[in-house]
1. Could you please rank 62, 119, 41, placing first whichever residue has the fewest other Cβ atoms within 10 Å of its Cβ?
2. Going by C-beta contacts inside 10 Å, put 40, 71 in order with the fewest on the left.
3. Give me the three principal axis extents of the chain from the C-alpha atoms, as integers in angstrom, largest value leading.
4. Bin by bin, in steps of 5 Å, what percent of the Cα pairs in the range 18-82 do you find, going until the bin that has the longest distance?
5. Within a 10 angstrom radius of the beta carbon, how do 46, 145 rank from fewest other beta carbons to most?
6. Relative to the longest principal axis of the C-alpha atoms of the chain, give the angle of the C-alpha long axis of helix 93-102, reported between 0 and 90° and rounded to the nearest 10°.
7. Top mean-square fluctuation among 26, 84, 59, Gaussian network model of the chain, C-alpha springs under 10 Å?
8. Relative to the longest principal Cα axis of the chain, at what angle does helix 12-27 sit, 0 to 90 degrees, rounded to 10?
């Protein structure tokens, strides 16, 4: 390589093309084995082998719910605790009210710069709207752009 660098010192484009060609040759698939165990070198045959492989790999097959349940039982997966199950349930109005009342006075909770007192005094008006918004975020698993 040192000799090649010296010989092509004034020709960086040719040298770079040569290096890239060598790298591409290393990644090239020269042969593949088909289903019968035969080695194939032709491009068309290699293309067909790859196509058949991925068609078989991603072929959709109907699986009954019973099979899925049996498979999951055999897998011996850990059970979700009741606490974790509670974390994923829908938010209720009592939780929103509790969170609003928990806010410190004379503080703005977010980038909207609205003080906690506003949320506390307008709780009846805002509570249901906030509840709907929070549950929508949970259901869609996507927060509004204005929160970012």
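1. Numbers: 62 5, 119 19, 41 9.
Placing the least packed residue first, the sequence is 62, 41, 119.
2. Working: 40 16, 71 10.
Ranked by crowding around the Cβ, least crowded first: 71, 40.
3. For the chain, the Cα spread along each principal axis is 79, 59, 26 Å.
4. 3, 12, 12, 12, 11, 9, 9, 9, 9, 6, 5, 1, 0
5. Ordered from fewest to most neighbouring Cβ atoms within 10 Å, 46, 145 come out as 145, 46.
6. Roughly 80 degrees, rounded to the nearest 10.
7. Its mean-square fluctuation being the largest, the pick is 26.
8. With both axes taken from Cα atoms, the answer is about 80 degrees.
Every read-out reported here was derived from the displayed coordinates using simple, explicitly stated rules and does not represent laboratory data. This is a predicted model, so every value here is computed, not measured. Positions of Cβ are generated from backbone atoms using ideal geometry, with glycine treated the same way; all protein chains shown enter the neighbour counts.
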